[in-house]
Amino acid sequence: MKYLPYLREATQCQHRQLESLPIMRELLKPDFTLSKYRALLHCHYRVHRQLESRLAHFLCSFPSDIFHWQHFTASSRLFSDLTKLGEPPCEPGPLPPTVPITNLPEALGCCYVLLGAGFGARFIAPRLEQHLGPDTPLSFYRDGQPFLKPLWHQLDRLLAAHASEPAAREACANAARATFSLFFQNFQTISRPEHREVSTP
């Protein structure tokens, strides 16, 4: 792995900012509620669905041995989980075009953040099942796990081939930072006090 460590270092600040949100800390606590889980999945769906639709132009035409698009996309798994929870999502409204995806290096930077989210999922899924119950739909957090390592290696090879020059590498890092910031803005909406549930005595 040569280029993924570069992106990890380049996005440390944005990654820490995202993890500092209350919803990210609450996610692993025993009192995390099904209502909060639904809200989190809706946010994930909105971001993933919109970004995947833009990334498809650059990534979906690669042969599966170069980049397996169907294994990468997560919006269908999010749709499945929300449907099982009784809240099938509507087609999300347009997001502000804050993430630059105008070329392949930028697409790879965005892809890095979306794919990286799956690695944390392997720790999150068992805790959610423990706290919310064994019948909780966890397709988003579980079903992509077998594909993560192969996709990670594919992404690193694509970065080596298409984002090794300084300008392309910086464009890739900027898109990754912007993707983290987009998640932060969306997750912030379920971390505000007015969205917190009040328990009754």
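Which loop trypsin sites (Lys or Arg not before Pro) in segment 108-196, with loop taken from DSSP, have no more than 16 other Cβ atoms within 10 angstrom of their Cβ?
Values: sites: ARG122, ARG127, ARG142, ARG157, ARG169, ARG177, ARG196; in loops: ARG196.
Those satisfying the criteria are ARG196.
Tell me, what does the Kirkwood hydrodynamic radius of segment 1-68 come to in angstroms if you use every pair of distinct C-alpha atoms?
Numbers: mean 1/r = 0.0667 Å⁻¹.
Evaluated over segment 1-68, this radius sits at 15.0 Å.
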Q: Apply the membrane-span-like helix rule to the chain: whole DSSP H runs, Cα extent along the own long axis of at least 24 Å, mean Kyte-Doolittle hydropathy at least -0.5. List the helices found.
A: 34-59, 104-132, 145-162, 166-188
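For the chain, take the alpha-carbon Rg, divide it by the Kirkwood Rh, and send me Rg/Rh.
0.97
Compactness ratio of segment 56-166: Cα Rg over 2.2 N^0.38 Å, N = residue count? Before the final figure, lay out the partial values.
On the way: Rg = 15.7 Å, N = 111, 2.2 N^0.38 = 13.2 Å.
Expressed relative to 2.2 N^0.38 Å, the Cα Rg reads 1.19.
Every number in this text was worked out from the coordinates using simple rules, so none of it is lab data. Everything quoted here is computed from the prediction, not taken from an experiment. All Cβ positions, glycine included, derive from the backbone under ideal geometry; neighbour counts span all protein chains shown.
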